[in-house]
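Bear in mind that the values in this text are calculations on the coordinates, not laboratory data. Keep in mind it's a predicted model, so treat the numbers as computed, not measured. Neighbour counts are summed over all protein chains in view; Cβ atoms, including those assigned to glycine, are modelled from backbone coordinates with ideal geometry.
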Amino acid sequence: MNRPPSIDSNQQNALQAWEEFIEEQVYPEPGAKAKADYRNYDNPGRDTVREFYKQNHHGQTFDFVNQKRDTYLELNQRRMSIFEALDYLNTLVDDSDPDIELDQLQHLLQTSEAIRADGHEDWFVLTGLLHDIGKVLCLYGEPQWAVVGDTFPVGCRFDERIVYHEFFADNPDTRDARFNGRLGIYEENCGLRNVKLSWGHDEYLYHIFKNYLPEPALYMIRYHSFYAWHREHAYDYLCDNHDREMLHHVQAFNPYDLYSKSPQPPNWNELRPYYSELINKYFPAKLSF
């Protein structure tokens, strides 16, 4: 297949800045670092992150989400094997940037290897390896704010526990009477499967994988960026009892996603046979993306 061009360093830096912000400032490893004041506007190091959230919270409207779902959930962008998708994802790395120490594959491997070291089920390990493959959306030309970032429901009031909530003031949905109530267009305890979240790599990958992985893995993939739910306990009134039963799986996955960085990167060539067997157990040769 044709290899796409790498995204530019500004886009890659924005992605890196958001990930570091989430891992170190908003949700630091328990006991490792005190939570910082992420609304410290006098810190110039947060400029990139603030601009990211400003664009994200302005652009993620109910209509925007429906448009992206119509565009991408037909899964007609390309046909790829899992390994082709991993290779495709790795073009997100800007090799000219000396501050980027780990490529996308290394983050995924560190996540999956930490899960494997703790003796979890093989589908859990595989979820660690594959949970960010939906970021190939960046390589289709989507802006960073429509690929990564905290996810949250659209079609109802934006909860104040969402990071940089103040930027929702510029979101048109806040002035739409259909969407600015507590429930908005939804019913109490309707279930998250009936709630539309802001568009990004999580929802996209869920639809690619939904026929192949166990349900706990699918919850991990679909909701791992829904921090307002699994970390801040917001939006419980939209959940049904099944969501509440599945919540602990998402919470079990989250620390591996955020805190599994290791100074010694895993050796992909040595690990590839193990992961090849695991991928073949759960997936067909090609998938529709």
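Odds and ends about this structure:
- Some residue of the stretch 187-208 being farther than 22 Å from Arg231 by Cβ and surrounded by 14 or more Cβ atoms within 10 Å (Cβ to Cβ): yes
- Test: residue in the stretch 220-232 that is touching a Lys or Arg at 6+ places or on another chain (Cβ under 6 Å), crowded, with 17+ Cβ neighbours inside 10 Å and hydrophobic (A, V, I, L, M, F, W, C): yes
- Hits in the stretch 59-79 (condition: surrounded by fewer than 16 Cβ atoms within 10 Å (Cβ to Cβ), assigned to a helix (DSSP H, G or I) and not basic (Lys, Arg)): Asp63, Asn66, Gln67, Asp70, Thr71
- When Ile221, Ile185 are checked against the criterion of being of a type in the set (A, V, I, L, M) and part of a loop (DSSP other than H, G, I, E, B), Ile185 stands alone in meeting it.
- Hits in the stretch 144-175 (condition: among the charged types (D, E, K, R), more than 14 Å from Asn56 (Cβ to Cβ) and either in contact (Cβ under 8 Å) with a residue 24 or more places away in the chain or in contact with a strand residue (DSSP E or B) (Cβ under 9 Å, 6 or more places away or on another chain) (or both)): Arg157, Asp159, Arg161
- Residues of the stretch 171-182 that are surrounded by 13 or more Cβ atoms within 10 Å (Cβ to Cβ) and in a helix (DSSP H, G or I): Pro172, Asp173, Thr174.
- Residues of the stretch 228-270 that are of a type in the set (Ser, Thr, Tyr), in a helix (DSSP H, G or I) and under 20 Å from Ser198 (Cβ atoms): Tyr237 alone.
- The criterion of being touching a strand residue (DSSP E or B) at 6+ places or on another chain (Cβ under 9 Å), more than 14 Å from Gln60 (Cβ to Cβ) and not acidic (Asp, Glu) does not hold for Leu183.
- Answer residue from the stretch 132-150, given it is among the small types (Gly, Ala, Ser) and not in a loop (DSSP other than H, G, I, E, B) and is farthest from the chain's Cα centre (by Cα) among those: Ala146
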